[in-house]
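The values are calculated or read from the model by the stated rules, or taken from the named source; none is laboratory data. Note that the structure is a prediction, hence the values are computed from the model and not measured. Cβ: placed from backbone, ideal geometry, glycine included. Neighbour counts: every protein chain shown. All accessible areas refer to the heavy atoms of the entire protein, side chains included, with ligands and DNA or RNA removed. Shrake-Rupley method; radii C 1.70, N 1.55, O 1.52, S 1.80 Å.
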Amino acid sequence: MSAWSRPPLLFPVSHTTTEANRTGAWRFARPVFRPKTAPCAAACPAGIDIARVEMFAARGRLHEAWQTIARENPLPAVCGRVCFHPCEAACNRAQLDAPIAINALERYLGDAALAAGTPLASFDAPDLGRKVAIAGAGPAGLAAACFLARLGVSVEIFEAAAEPGGVLRWGIPAYRLPKAVLAREIERILALGVGLHCNRAVDQAFLAEAAGRFDAVIIGVGFSAPVRLHIPGEDRVADGLDFLRRVQTGQTEAPRGEVAVIGGGNTAIDVARTLLRLGARPVIVYRRRRRDMPAFIHEIAAAEAEGVRIETLLAPVGVAADAGGVRLTLQPMRPDQPGGDGRVRAVPAGQAPTVRHFAAVFSGIGAEVGAFWHRPADEAETLRLSHCALRLGQHPIAYVGDPVTPANSVADAIGSGKQAALALHTLFTEGPRAVARALQDCRVGPGPAVSLEIYQGAERAGRASRTVAFADINTDYFPVAARRHPSALPPGRAAATFDETLEALAPGEALAEAGRCFNCGVCNDCDNCRIFCPDQTVQAVRDGRRIDLDYCKGCGVCTVECPRAVLEMEEESA
Amino acid sequence: MLEIRFHGRGGQGTVLASISLARAFFDAGWEVQTFPNFGVERRGAPVEAYLRIDHARIRLRSGVYTPDHVVVMDAKLTATVEVTRGLKPGGWVLVNRPGPPERIALPQYRLAWVDATAIALSQRLGTATHPIINTAMMGALARTLGMPEMIHIESAIRREVPAKKEENVAAARIAFQQVQFRPVEEA
Amino acid sequence: MRQVLEGSHAISEAARLARVQVVSGYPITPQTHIIEALSQHCADGTLAARFIPVESEHSAMSAVIGAAATGVRAFTATSSHGLALMHEMLHWAAAARLPIVMGEVNRALGPGWNIWMDQSDSLAQRDTGWIQLYCEDAQDALDTTLIGFRLAEAVNLPVMVIIDAFYISHTYEPVDVPEQAAVDRFLPPPNPRFRLDPADPKSLYPMVGPPAFMEMRRSLQDAMEVAEAALAQAAAAFKTEFGRSCPPIEADGCEDAEIVLVTTGSITSTARLVVEDLRARGERVGLCKLKLFRPFPAEGIRRVLGRAPRVAVIDRNVSFGVGGIFAQEIRSALCSLERRPPVFSYIVGLGGRDVPPETIAEIYRSTREAAAPDPESRWVGLNPELMGAAAR
């Protein structure tokens, strides 16, 4: 075979780096990290940064998760039990499989912090040298006290009852909210330096006296008068709220036999389930259809499972004495055309009323303002915000809680107290003209709730107010996963005791449930942007990610692969 | 050249027996070639392996169709597999069985039998349901054919068998002693 | 030392003795034993190499491409569908001029699902720029693998060492396994002409546009053109060291033969018996064993077959629409001759069908008796019943 020489090697080799080619010049749009508002947070009356809470919880960073809640809501263990959680109704995940169990997670985190004895963060604000008196130690007053204290204002709470808590203490039965949980969360607020004075008459004389001693007064006494039925024999109808209060103070007696409870809201349900636990056989009588009942669906279901009967389209028209009880006259009703508010009204069905015998009749249709000064008068100098009203002038008065909130819920009361606290702080530091603007600027997205974190100008203040829609989520990263439910006492056992009916989520379940959260609009360091960038222009830096615009070609892959709509494309300016 | 066909089931060590025998014959100075039936091997399914031995280099690289001898590792196979297929007249049929095989009554073959299963169990090789009988069959074959010498069988077993080497050698020795024969019947 | 080895292990032993530094692999019957043995060697320390288990053959080839680009000696093995899945990366390895050696076990491609011997898989890759060497038996496989490394590194082209499914891969026979010291003399550590090196940063193989692509391809062709001579030189060095020859084409009694049989793979081994037998009966028959298929040794073919009165090529493969692939290439090599021998083309043994001596003898008889070659390849041993069924 002939001799041969080494064959040529011809293939391309580059000894320069591609850094000489500043491909950033090719870009006509750039990716921008723009954290946004999650729809749950916008829907939360207390303005909790839920997407961030779940992000921490999913990583097992429970302390930070709880601190994130507590920054906006000082009663997590309470709200984790009693909140009607509008956040879950707004949850984007509902459009994939089922909403995140935000409420159950809040309870899980709240209980964990109580178990650990974690105090509320005080934020070490400088003492403003101002004093505020708060009338009423319900959720609105307690929240106002907490946020004022954190902002450097001295606070004294005056409460007519022997113990603080308001509706949480007296209205909500123990099987929904154990009183020890409430007491410990209140203690934690007081530990911020809040003064509490119970058994103090909160009346107009107090108001006049407080005006002289304090820089402002907050009135948060809630509803104190039962709503009247306006039917003959009404004096034979027992007040359901008063019944609940007496049960809290130790009453264990209830009428034997069938007891009618009038109403379709949560009060009616609470009264009926409490009666059941004391040995009565409650029947809820509601004037409209079942689907019109304002009570929570899960509460209605729990009541029925425990043995409460519900009869609908029956309006009470008269009550009379009867041997061993009362005679209740009930008018059969039928649904009418929806009214202007869209609610279906009920009108008499044309049949004759029926008369029924009950051992007793309770009203459970709620309460209303007890005195004129519990809510603001229509005055020009009253600044009306979404959840509170602020009477300016020499002796400023803030009104909080049920009389001024759009919905009468615990979360709305907390949001109300926070709004008033921030408003007074602005009033003290910047004067009356700055209040409306300051409160507008710390709103959570487009929702009415305000945020302490945004007010303080912390990280959350950098979020765009636009809420993330389901269509913004890259669902490729979220396989369908079942929602975790806390376990409940069997209804038969639950009906025999005031023990809490719902249990907490198990630890593993809680973390897995938090892991289902899209974290809408909140960067959770998933690093997809860095991994997918074809030009390696995304760099991890101390406080997040940075894009090297010298080389970013604006391809947009990072924004597509961002699962949670933090990144977005922005056209280059000319 | 001699061709030997092995019949067994997947998992019985049939192929390994054929390879070990090849190495024993090689040690004894033979040229060898062995291969399984080409295909997928499944536990329990019938398998075949083939062994060629010769004094000259083995060039033939096609299937074994007319073996000189056959070895049947599991007597039950004779019900479903024609173990004497293509077997040259006068060839040995060595069967793992306590007594002479009944199904193979053809007079032109020489029969040998050994209770390799009992021997394996006596040496605690494998389990009652899956006794490892291949080393016993190697010993029996060495006696039946008169080759290779047991020293090569023993040495091959010690090299090839991963565990219980001496028990396997003992099994081969016992089988070598116990194997029984029936010569070609007179016509 | 001679020892009884499985054909697959003849290749893995050669790779171990070659001190390969990176092995990647993905299992596929009938190749798995090669990679399995090498992974065992890596695990038990008898081979100081990095074993990269991958999730596909495409990745197996990609992994050794990356490894070889850093200048290390890299090896993988595959078969059939696995080789087909590698196709894209085969082009890559060759044009990247990486001296990878790959064991390839010839097996049919489905459907019908078939794990048996058939050359269609490797021959389908003939235009990828890989050197292809076909082996006759386990000894040939070991020798060819060792020579393959030397050849690949000499010309900077990847080498495929090809053995028959089962007939070689799963057959145990005596193999002379050389001493490590001798292999080290024959195959010193690689001395790559280029390599990726963090100390000298560069990127290999960026885009090449129309102004340079043809030249790059021409240089690959130039390398192929010297590969046959480089193989001869490697084989000569091998013979010096180990005493065995391993020529690209082996001619046995072709000079005065009336008919020369051309074979590849394990059929060569059986054909040797047949030729011996025919000669004993006075027949003038020669045997031409083709080891090197890419680059195609056209000059050698003309030298060995140019004066033969008749040539019979036995193909264990088919190029649909044409016929036996080796026959085509041999005809093409011979067509420049003034007096071209008639080339008879036979297709046998597809999908593992056995090719016993009788089949080869029949091919010989058929070639002797025919007036002239058929215009198309003749398929030997088709079952008329099945063909009749197909016609219906």
- [ ] Please say if region A:111-214 is rounded, prolate or oblate, where rounded means a/c under 1.5 for a ≥ b ≥ c the square roots of the C-alpha gyration tensor eigenvalues, and otherwise the choice is prolate for a/b larger than b/c and oblate otherwise?
- [x] oblate
Task: Over chain C: Kirkwood hydrodynamic radius from C-alpha pairwise inverse distances, Å - done: 21.5
- [ ] Estimate for me the total accessible surface buried between chains C and B (protein heavy atoms, probe 1.4 Å, no ligands or nucleic acids), in Å² to the nearest 100.
- [x] 2000
Task: Hits among lysines - C-alpha to C-alpha of C:K239 under 25 Å, sequence gap 8 or more where chains match - done: C:K289, C:K291
Task: Estimated dipole of chain C in Debye, rounded to 20 [Cβ of Lys and Arg +1, of Asp and Glu -1, Cα centre] - done: 740
- [ ] Could you tell me the distance between the Cα centroids of region B:1-77 and region C:35-67, to the nearest Å?
- [x] 31
TODO: State the extension gain, in nm to one decimal, for the chain segment bounded by C:D277 and C:Q40, taking 0.36 nm per residue of separation less the distance between their alpha-carbons.
DONE: 81.0 nm
- [ ] Ignore the peptide's own chain and count Cβ atoms of other chains within 10 Å of each Cβ in A:12-18; give me the average, rounded.
- [x] 5
- [ ] Only Lys, Arg, Asp and Glu count, each charged at its Cβ (+1, +1, -1, -1), so figure out the dipole size of region A:125-226 about its Cα centre, rounded to 20 debye.
- [x] 260
TODO: Sort A:203-211, B:3-11, A:92-100, C:30-38 for me by packing, meaning the mean count of neighbouring Cβ atoms within 10 Å per residue, highest on top.
DONE: C:30-38, B:3-11, A:92-100, A:203-211
TODO: May I ask for the Kirkwood hydrodynamic radius of the protein assembly as shown, worked out over all distinct Cα pairs and given in angstroms to one decimal?
DONE: 38.4
Open item on the list: Suppose we look only past 12 Å in the calculated P(r) of region C:244-299. What percent of the Cα-Cα pairs does that tail hold?
Closed with: 66
Task: Accessible surface of C:S12 - all protein chains present, 1.4 Å probe, nearest 10 Å² - done: 0
TODO: Whenever you get a sec, compute what percent of the accessible area on region B:78-175 sits on carbon and sulfur atoms (1.4 Å probe).
DONE: 56
Task: Label-point separation in nm, C:M387 to A:A540, each point 7 Å along Cα→Cβ - done: 6.8
Task: Residues of region A:444-574: accessible area per residue with a 1.4 Å probe, Å² - done: 50
Task: For B:V47, residues with placed amide H under 5 Å, excluding near neighbours - done: B:G8, B:R9, B:G10
Task: Threshold 30 Å², region C:351-369 residues less accessible with all protein chains present than alone (1.4 Å probe) - done: C:D354
- [ ] Kindly report the accessible area of region C:287-392 per residue (heavy atoms of protein chains, probe 1.4 Å, no ligands, DNA or RNA), in Å².
- [x] 48
Task: Under-5 Å amide H pairs with A:V227, H placed in peptide plane, nonlocal only - done: A:G366, A:A367, A:E368
Task: Entries in A:K179/A:K418; B:K76/B:K165; A:K36/A:K418; B:K76/B:K164 that, when Cα-Cα distance is taken, lie over 31 Å - done: none
TODO: Starting from the Cα gyration tensor of chain B, take the square roots of the eigenvalues, sort them a ≥ b ≥ c, and report rounded, prolate or oblate (rounded when a/c is under 1.5, otherwise prolate if a/b is larger than b/c, else oblate).
DONE: rounded
- [ ] Pick out the long, greasy-scoring helices in chain A: whole DSSP H runs spanning 27 Å or more along their own axis by Cα, mean Kyte-Doolittle at least -1.0.
- [x] A:410-430
TODO: Grab the beta carbon distance between C:L204 and C:H81, set R0 = 25 Å, and tell me the FRET efficiency rounded to 0.05.
DONE: 0.30
Task: Phi to ³J(HN,Hα) by Karplus 6.51 cos²θ - 1.76 cosθ + 1.60 over region C:14-30, Hz, x for Gly, Pro - done: 4, 5, 5, 5, 6, 6, 4, 9, 9, 10, 10, x, 9, x, 7, 5, x
Open item on the list: Please list, ordered by chain and number, the residues whose modelled amide H lies under 5 Å from the amide H of A:I262; skip anything fewer than 5 residues away on the same chain.
Closed with: A:V285, A:F362, A:S363, A:G364
TODO: Quick one: pull the percent of accessible area on region C:201-270 belonging to carbon and sulfur, 1.4 Å probe, ligands and nucleic acids left out.
DONE: 57
Task: Equivalent ellipsoid, region A:209-285 (semi-axes from 5 times Cα gyration tensor eigenvalues, Å) - done: 32, 16, 11
Task: Per-residue ³J(HN,Hα) for region C:98-114, Karplus 6.51 cos²θ - 1.76 cosθ + 1.60, θ = phi - 60°, Hz, x for Gly and Pro - done: 9, x, 7, 10, 10, x, 9, 9, 4, 8, 5, 9, x, x, x, 4, 7
Open item on the list: As a test of the definition: with a 1.4 Å probe, what buried accessible area, both sides summed, do you compute for A against C, in Å² to the nearest 100?
Closed with: 1800
Task: Accessible area in square angstrom per residue, region C:89-150, 1.4 angstrom probe - done: 21
Task: region C:120-199-region A:305-341 distance, computed between alpha-carbon centres (Å) - done: 94
Open item on the list: Using only the heavy atoms of the protein chains and a 1.4 Å probe, how would B:T66, A:T329 rank by accessible area, largest first?
Closed with: B:T66, A:T329
Task: Shielding of B:53-66 by partner chains, average beta-carbon count, 10 Å - done: 5
Open item on the list: I'd like to know which of B:T80, A:V566, A:V217 lies farthest towards the positive end of the charge dipole of the protein assembly as shown, counting +1 on Cβ of Lys and Arg and -1 on Cβ of Asp and Glu.
Closed with: A:V217
Task: Shape of region A:310-393, Cα gyration tensor, a/c cut at 1.5 - done: oblate
Task: Candidates C:R126, C:R281, C:R365: whichever shows maximal mean-square fluctuation once chain C is modelled as a Gaussian network with Cα springs under 10 Å - done: C:R281
TODO: Just tell me how shielded C:91-98 is by partners: mean number of partner chain Cβ atoms within 10 Å of each residue's Cβ, no decimals.
DONE: 1
TODO: Give the peptides A:368-376, B:14-22, A:442-450 in descending order of average Cβ contacts within 10 Å, highest first.
DONE: B:14-22, A:442-450, A:368-376
Task: Highest-first arrangement of C:326-337, A:17-28, where packing means the average Cβ count within 10 Å - done: C:326-337, A:17-28
- [ ] Step through the residues of region B:166-174 one at a time and calculate ³J(HN,Hα) from phi using the Karplus curve (6.51 cos²θ - 1.76 cosθ + 1.60, θ = phi - 60°), rounding each to whole Hz and writing x for Gly and Pro.
- [x] 5, 5, 5, 4, 4, 4, 4, 5, 5
